[in-house]
Amino acid sequence: MDGLARINSEEAGAVTTALLACCDVLAWAKTIVAGRPYASLADLMAEADAAARRLSPEEVERALAAHPRIGERAKGSGTEAGWSRHEQSTVSRDEHTQRELLDGNRAYEERFGRVFLICATGLGGDEILASLRERLGNDDATEEAVVAEELRKIALLRLRKLLKEGGAP
């Protein structure tokens, strides 16, 4: 059974749990579950996208708690941790880049009071550092919007992985 068929047919609690690995916001997962059955993958992705765009600032903050600092390897053996390690696999592990990321993360957390979040898939350490440094200059409202957009991109990327890997639920 393909991922879309499983999303449409499996028990709501199991689907919700699987979706929470994509974005740890219960309202987002419940919205997707409530929209079943989906006629197509495009319909499912459109609902997930729309729901992610409606996340409140508090929901975004909650979801951030499930993300490790950029440059740090996620701990654990769960789906989320595995995806996080894969998403950050292109981040350079050299000592200089690691130190720069550590310093940048610290500055970001002091400035905004949250972990720096970026959809790291396909980005190298230099690109991530450049974005981090640029975003340190954002005002609070601008950065809040950027973080919500990065979270949306990660949620949709992970939902596609969930469907492709047959991990749903």
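Any read-out appearing in this document is the output of simple, stated calculations on the displayed coordinates, not a laboratory observation. Just so you know, these numbers come straight off a predicted model, no measurement behind them. Ideal geometry is used to build each Cβ from the backbone, glycine not excepted, and the neighbour counts take in all protein chains shown.
Details
- Packing-based exposure ordering (other Cβ within 10 Å, fewest first) of Arg133, Arg158: Arg133, Arg158
- With the simple model of a label 7 Å out from the Cα in the direction of the Cβ, Leu26 to Glu11 spans 1.8 nm.
- Förster radius 41 Å - calculated FRET efficiency between Leu102 and Arg36, Cβ distance, rounded to 0.05: 0.45
- Distance-filtered residues of the stretch 48-62 - backbone nitrogen under 20 Å, label point 7 angstrom along Ala145 Cα→Cβ: 49-61
- Computed label-point distance, nm, for sites Phe112 and Arg54 using a 7 Å Cα→Cβ extension: 2.5
- Bridging of Lys161 to aspartates and glutamates at a Cα separation below 17 Å is possible for Asp2, Asp24, Asp43, Glu47, Asp49, Glu80, Glu87, Glu150, once same-chain residues fewer than 8 apart are set aside.
- Cβ crowding within 10 Å, taken as a proxy for footprinting-reagent exposure, orders Tyr38, Tyr108 from fewest neighbours to most as Tyr38, Tyr108.
- Descending Cα extents along the principal axes, the stretch 91-169, whole Å: 39, 33, 17
- Here the alpha carbons of the stretch 3-164 define both size measures, Rg and Dmax, at 16.2, 49 Å.
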